[in-house]
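Okay, so here's the structure we're looking at.
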Amino acid sequence: MERPPFADYAFRDEDTAGRRYPEALHPYRGPFQRDRDRIIHCAAFRRLSEKMQVFTAEFGNYHRTRLTHTMEVVGVARTLGRALGLNEDFIEAAALLHDVGHPPFGHSGEAVLDLLLQNDGGFDHNGQALRIVEKLERRYIDFPGLNLSRELLEGQAYKMHKKRTAGHAPLLEIQVVDMADSIAYDTHDVDDALEIGLLRTTQMVETTLWKNAAQNVRRRWSRLEEDDFHRALVHDLIDIQISDVLRATRARLEARGIKNFSEALTEGILVAPSAEIAEQKAEAEAFLLEKVYRHPRVMSLRSKAGEWMETIFNRLADMPEQLPKRYESVLKHEGVRRAVADYLADMTDRSARLESLRAKNRSIRSPVEKISASET
Ligand code: MG
C-alpha cells in the first residue's frame, strides 16, 4: 500500500527546531531518520534485549523483553501514524527511544533506585532516557550524548511530567507513540501470561475487551484448539484497539478542525481510544494488575530483584572508585549516588544479578557458603 501524503496537522521535517549542537543537514536522510539511526546504534538501546518487560528469564523464553516490546510499539505506532498521515520517521524514532531509560528489572528496579535516590532527586525511567541521550552516551567526537532533534527530547520530557502538565498536549506524533505503547502492552501481556500459564484461556471472558475479542474469534472459527484460540485472540485484541483508536482520533481531528501541528497542542490528548474502549482497557488493565503483575511468582522475583539492586548500589556507593571511568564526570559534578544509579540503570538483568552475587560473595568467608551463595 502506498504511503499517504502528510496530513495538514502532521509535523514536517522542516518544522524541526534543530539540535542543541547545530549540525549540517544530511544529504539523504531526514532529521528523524538520523535520530532513529543514532538511537539504534547506542549502547543503551542494545541492552534492552536483556532487560525485562514484565517477566524475567526465569519464566522461560517466549515472553517479551524490553527490546521486543519496543519493536512492537514501533510497529503499532507506525501503523497508526501512517493511517493518520503523520510523520512516520519522527514516530519511529520516538518509539525506539521511549523505553531506553529503563533500569534492569523494569518497574521494580526503577522503584528501588527512586527510593535510594529520594534525597538526591529520585529516579524515573523517562528522565533517565533523557540523561542517556543528552549526556551519558559517548558516541560522537563533537558533543556528548546523541544530539537528537529537540522535538524528540521534548516528547520524552513530556512523558516525565505527564501528570503535571494538564491542558498541554504533546505533538500528535508523540501521542501516537504513547497510545501504541498502551496497545502493545495491553495485548502482549495477555499473550505472555497465557503462554506462561498465569492466565488461562477460560478466563478470557472476565473482562469485556477480552470477551468481545473471544466472541469475534469464535464467530470466525467455531472450533479451535486452545493454542490456536490464544493466538487468534491476540490478533483480534490488537485489531479492536487499533481500529477504535483510528476511528476515534480521526473523528476528534475532524470535529476540532485541526489544520496544523501547533493547533493540536492546546486541544488535549486527541490520539486516544473511544470512551467505550478506554473503559474496557482500564478494566482489562485492572485485571492484569491483580492477576498477572501482582502474581506471587512475579512478586517474589521482584522482591529478589530489589535486593540485588540494593546490594550493588550500597557496595558501589561505599567504593565509588570501582565505577568505570566513563562515570567520572557524573561522579565529580553530580555526586556518588547519581553516578552509581547511572551505572546500575545501564546494567542488564543478568549482569545486575551476577554483580549482586559477586558483591555478596566478597563478604562471605567460608568456601562452602561461597559455593551455595553462587548457586542461588
Ligand atoms: Mg513501553
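The values are calculated or read from the model by the stated rules, or taken from the named source; none is laboratory data. The shown structure was predicted, so the numbers you read here are calculated from the model rather than taken from an experiment. Because the Cβ atoms are built from the backbone with ideal geometry, glycine has one as well, and the counts that use them run over all protein chains shown. Quick note on the areas: whole protein, heavy atoms, side chains included, nothing else; ligands and nucleic acids left out. Shrake-Rupley method; radii C 1.70, N 1.55, O 1.52, S 1.80 Å.
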> Hey, does the stretch 235-256 have a residue that's acidic (D, E), modelled with pLDDT under 95 and farther than 27 Å from H63 by Cβ?
Replying inline: no
>> If I ask for residues that are within 18 Å of the chain's Cα centre (by Cα) and open to solvent by 20 Å² or more (accessible area, probe 1.4 Å), which ones from the stretch 332-347 would you list?
In response: D346
> Within the stretch 24-54, how many residues are open to solvent by less than 60 Å² (accessible area, probe 1.4 Å) and either of a type outside the set (G, A, S) or touching a His at 6+ places or on another chain (Cβ under 8 Å) (or both)?
Replying inline: 17
>> Quick check on the stretch 132-142. Is at least one of its residues open to solvent by 10 Å² or more (accessible area, probe 1.4 Å) and either closer than 30 Å to G85 by Cβ or polar (S, T, N, Q) (or both)?
In response: no
>> For the stretch 235-246, which positions are more than 17 Å from A272 (Cβ to Cβ) and open to solvent by less than 20 Å² (accessible area, probe 1.4 Å)?
In response: L237
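For E321, are the conditions met, namely being closer than 19 Å to D124 by Cα, modelled with pLDDT under 95, in a helix (DSSP H, G or I) and not polar (S, T, N, Q)?
No.
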> Within the stretch 195-214, can one find any residue that is within 16 Å of the ligand (Cβ to nearest atom) and open to solvent by less than 50 Å² (accessible area, probe 1.4 Å)?
Replying inline: no
> What's the number of the condition F123 fails, among (1) touching a residue at least 40 places away in the same chain (Cβ under 8 Å); (2) open to solvent by 30 Å² or more (accessible area, probe 1.4 Å); (3) aromatic (F, W, Y)?
Replying inline: (2)
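Identify, please: which residue in the stretch 50-73 is free of Cβ contacts under 8 Å to residues at least 40 places away in the same chain and under 12 Å from the mean Cα position of the chain (by Cα) and is, among those, nearest to the ligand (Cβ to nearest atom)?
If we take residues in the stretch 50-73 being free of Cβ contacts under 8 Å to residues at least 40 places away in the same chain and under 12 Å from the mean Cα position of the chain (by Cα), then T70 is nearest to the ligand (Cβ to nearest atom).
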> Does L253 satisfy the criteria of being farther than 16 Å from Y185 by Cβ and surrounded by 14 or more Cβ atoms within 10 Å (Cβ to Cβ)?
Replying inline: yes
